[in-house]
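Reading through the structure tokens given below for one structure.
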Amino acid sequence: MLDITVLNNMEYADAENFVHDNGYINTIGADEVAASKSDRVADTYYELYDNDGNMVDMISFYQYYNGENINNPDLNAEIVEQGWERVA
């Protein structure tokens, strides 16, 4: 399992490459209205499986942001907080 602290000290693109290089796969993502901190929250989930196909770890990159769409740079979303966290 990866050390979340290490991921949080890397730029997102480097951290995502590191995650993939360590066997994690991008499985799902969600973007929804946030209850606190910001207008919306986006999560991208990465899972790690053992040789038998059992999930052994799940981590997420989250972004709390104000605006309409974090993935559209033309909409100028304001990132309030972002980081990596262990989900399971």
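The values are calculated or read from the model by the stated rules, or taken from the named source; none is laboratory data. Predicted model only: the values in this text are computed from it and were never measured. Virtual Cβ from ideal backbone geometry, glycine too; neighbours counted across all protein chains shown.
Cβ-Cβ distances below 8 Å connect no pair with a first residue in region 60-80 that is assigned to a helix (DSSP H, G or I) and of a type in the set (S, T, N, Q), a second residue that is at pLDDT 85 or above and exposed (fewer than 11 other Cβ atoms within 10 Å of the Cβ), and a separation of six or more residues or different chains. Reported count of residues in region 7-39, each being in a strand (DSSP E or B), farther than 17 Å from Glu85 by Cβ and among the charged types (D, E, K, R), is 0. Cβ-Cβ contacts under 6 Å between residues 6 or more apart (or on different chains), taken from a first residue in region 31-53 that is on the phi > 0 side of the Ramachandran plot and in contact (Cβ under 8 Å) with a residue 24 or more places away in the chain to a second residue that is surrounded by 14 or more Cβ atoms within 10 Å (Cβ to Cβ) and outside any loop (DSSP other than H, G, I, E, B), are listed as Lys37/Tyr64; Lys37/Val80. Within region 30-41, being of a type outside the set (Val, Ile, Thr), under 12 Å from the mean Cα position of the chain (by Cα) and surrounded by 13 or more Cβ atoms within 10 Å (Cβ to Cβ) holds for one residue alone: Asp31.
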